[in-house]
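Each remark here refers to the structure printed beneath this line.
The values are calculated or read from the model by the stated rules, or taken from the named source; none is laboratory data. In this text, all values refer to a predicted model and were calculated from it rather than measured experimentally. Cβ sites come from the backbone with ideal geometry, for glycine too, and all protein chains shown count toward neighbours.
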DNA sequence: TGGCATACTGAATGCAATTACAGTATTTCA
DNA sequence: TGAAATACTGTAATTGCATTCAGTATGCCA
């Protein structure tokens, strides 16, 4: 891919910024105003060259149709926004997204499943899941309402706190197991509220 | 937040789809055409109500300025696209993004650091890092060119393969340690090419 | 040093798009 | 059951925006 001139790079950067901030691409006139150009043709010409070099796409005659082409673009997938709850209240996480404490945005390709409105995330506290290599501070993405398969990690409501356990069956009966030798828990799953099935773990370096 | 009527929801969904697919929001005429409306005012009126209920924003007189308001929006951050390399060649991962095998998109808030063009991701093979709870199949995000602090996990080039090790210093001398009792490696770091410092781990449920 | 690409000014054309106004069914619900 | 909100048709005015044509100045490089 050929490289851009300084001016062209500036313009491309400006389009990217505007795109991210305003939510839609700027018009030629807006770009011209930003750079102090008194002629639209200045912008028009720059865009033509940037487009020619493959860094930008646009549909002719379409307002605000500038789209930035990144070399990663062909891999790029839809990004899902998943609400992060600090701690889950006794009820279920319904449509109550207003209570979200934050938001994780991840592309659905990495996510490896299609998120629903019942997908949510929690920060892990405690070390009950070290056996499954999930540690304190990890962010876990869970799917509420999914039916767990044996071996899946689930979040269950125990004593008003949501806790991660491994879901297992023995003699056809489901039960939950803590993955830490210090906590040899073994709880009948039927009596518990399973809040979600684990789908993704994210760990930030500290 | 009040709820939308069926029709309003359909229109909002359509705007979202178009937005994601085409890269910019549809015009009133385009929406009308899609739904078979013969009058623009039908769309105009719907948009007015959806906007009034707080699910949509737009600037007056601005073409294609429709923006969807999500309850998660205020948490939403910029999303970074990180190239995923299958395996790193002997050289350094420079600007050679064309060789990327895939792409992970994560918001910079979750990333916890500002990605650079030298940020990249790898899929973990082998079990040399189980001690640090990083297992086979995990996706690790690394920063090339960053200087590791003692205790950081780094990717180093050993025998033409990039391998994860813990970076440590003893008597002022840096060395690398494998976090697996089966591999009691202890290599002098100076002789090795450190390809990146670990910043994030992503594990997909299987 | 002449030619070519870049970096602009200026004006004009015309479709693209939003907005406004005037109505008519249909649904909802107090 | 009757008024208000929803869900449309149709026409027109007006501005938003992209595109095109005709030039000028400047830096680069072979």
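For region B:36-62, a residue qualifies if it is touching a helix residue (DSSP H, G or I) at 6+ places or on another chain (Cβ under 8 Å) and over 24 Å from residue B:2 (Cα atoms), and the qualifying residues are B:37, B:38, B:39, B:40. Do we find that residue B:133 is crowded, with 17+ Cβ neighbours inside 10 Å and on the phi > 0 side of the Ramachandran plot in this structure? Answer is yes for this residue.
Going through (1) crowded, with 17+ Cβ neighbours inside 10 Å; (2) in contact with a helix residue (DSSP H, G or I) (Cβ under 7 Å, 6 or more places away or on another chain); (3) not in a strand (DSSP E or B) one by one, residue A:180 falls short only on (1). Residue B:145 fulfils the conditions (1) within 12 Å of chain A (Cβ to nearest Cβ); (2) farther than 14 Å from residue A:205 by Cβ except for a single criterion, (1).
Could you please find all residues in region B:78-99 being modelled with pLDDT of 80 or more and within 7 Å of another protein chain (Cβ to nearest Cβ)? Even if it seems obvious, please write down each step before you answer.
Filtering region B:78-99 down to residues modelled with pLDDT of 80 or more leaves B:78-85.
Within region B:78-99, B:78, B:79, B:81, B:83 meet the criteria.
In region A:14-40, the residue that is nearest to residue B:24 (Cα to Cα) out of those that are within 11 Å of DNA strand C (Cβ to nearest atom) and exposed (fewer than 12 other Cβ atoms within 10 Å of the Cβ) is A:29. Which condition number does residue A:204 fail, the rest of (1) surrounded by fewer than 17 Cβ atoms within 10 Å (Cβ to Cβ); (2) at pLDDT 90 or above; (3) more than 23 Å from the chain's Cα centre (by Cα) being met? Exception for residue A:204: condition (3).
Exactly one residue out of B:59, B:44, B:39, B:70 is within 13 Å of DNA strand D (Cβ to nearest atom) and facing another protein chain (nearest Cβ under 10 Å): that is B:59. Taking the criterion of being within 11 Å of DNA strand D (Cβ to nearest atom), over 32 Å from the mean Cα position of the chain (by Cα) and closer than 20 Å to residue A:70 by Cβ, the residues of region A:1-36 that qualify are A:5, A:6. Being surrounded by 15 or more Cβ atoms within 10 Å (Cβ to Cβ), in a loop (DSSP other than H, G, I, E, B) and within 11 Å of chain B (Cβ to nearest Cβ) is the filter here; which residues of region A:113-130 pass it? A:113, A:127, A:129, listed by residue number.
Report the residue count in region B:1-13 for those that are surrounded by fewer than 19 Cβ atoms within 10 Å (Cβ to Cβ), in contact with a helix residue (DSSP H, G or I) (Cβ under 9 Å, 6 or more places away or on another chain) and away from chain A (no Cβ under 14 Å). Selection size over region B:1-13: 4. Checked against the criterion of being over 27 Å from residue B:72 (Cα atoms) and surrounded by fewer than 16 Cβ atoms within 10 Å (Cβ to Cβ), region A:64-78 has no qualifying residue. Residue pairs whose Cβ atoms lie under 9 Å apart, separated by 6 or more positions or on different chains, with the first residue in region A:23-39 and more than 19 Å from residue B:58 (Cα to Cα) and the second part of a loop (DSSP other than H, G, I, E, B) and within 9 Å of DNA strand C (Cβ to nearest atom), are A:31/A:37; A:32/A:38; A:32/A:39.
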